[in-house]
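The values are calculated or read from the model by the stated rules, or taken from the named source; none is laboratory data. Only a predicted model underlies this, so the values are computations on that prediction, with no experimental measurement involved. Counting neighbours? That spans all protein chains shown, and the Cβs are built from the backbone with ideal geometry, glycine included. Heads up: the accessible areas ignore ligands, DNA and RNA and are worked out on the full protein's heavy atoms, side chains in. Shrake-Rupley method; radii C 1.70, N 1.55, O 1.52, S 1.80 Å.
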Amino acid sequence: MNQFDTVKMASGGLALVLEPSSTWGEFPAHLENWKRRLGATSLSKTVITFDECIAEVAVADGEFWITYDDFQSSIQLEPKKPRYNNIVSQLQAELRRGGDDAKLS
């Protein structure tokens, strides 16, 4: 996986790879950075367990999880519903353009 690739999820959603290689301990700092860059707001308290981390966020008009798990050792933005795939694609395009932020209006 490369940064800003999308990965098809079993749910039909498109996960956006934010950090292709990360560690559990790096998640909190990466989370804050990506929330800022994406213009995301927290919807609930972040859940951190021994092998995964999950933050529920709102980006643009969609609801997502920013996740880390030990199996993939990556941080991804995952849509709660496949109908938010268009937001994932828009964010991917903005990030690939090289801007520091990918906030959508």
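Between helix 85-96 and the chain there is an angle of about 90 degrees, using the helix long axis and the longest principal axis of the Cα atoms. Given their separation in residues at 0.36 nm each and the Cα-Cα distance between them, residue 9 and residue 83 gain 25.4 nm when the chain is fully extended. Taking a straight Cα-Cα cut-off under 13 Å and skipping sequence neighbours fewer than 8 places away in the same chain, the aspartates and glutamates within cross-link reach of residue 103 are 61, 94. The orientation-averaged projection of the convex hull spanning the C-alpha atoms of the chain amounts to 6.0 square nanometres.
Taking the C-alpha atoms only, the angle from helix 27-38 to the longest principal axis of the chain is near 10 degrees. Mean-square fluctuations from a GNM of the chain, with a 10 angstrom spring cutoff on Cα atoms, peak among 88, 57, 47 at 47.
Along the stretch 5-10 the Karplus relation, 6.51 cos²θ - 1.76 cosθ + 1.60 evaluated at θ = phi - 60°, assigns HN-Hα couplings of 6, 10, 10, 6, 8, 4 Hz to successive residues, with x for each Gly and Pro.
Computed from the C-beta positions of residue 2 and residue 43 and an R0 of 30 Å, the FRET efficiency is 0.60 to the nearest 0.05. Rg/Rh, computed from the Cα trace of the stretch 29-71 with Rh as the Kirkwood radius, has the value 0.97. Scalar couplings 3J(HN,Hα) for the stretch 70-81, obtained by applying the Karplus form with A = 6.51, B = -1.76, C = 1.60 to θ = phi - 60°, are 5, 4, 8, 6, 10, 10, 10, 9, 10, x, 5, 9 Hz; x denotes Gly and Pro.
In the context of the full set of protein chains, residues of the chain present 54 Å² of accessible surface per residue (probe radius 1.4 Å, heavy atoms only).
Only helices enter the 222 nm calculation for the chain: every DSSP H run of n ≥ 4 contributes -39,500 (n - 2.57), and dividing by all residues gives -7000 deg cm²/dmol, rounded to 500. Computed about the Cα centre, the dipole magnitude for the chain is approximately 420 debye when only Lys and Arg (+1) and Asp and Glu (-1) carry charge, each at its Cβ.
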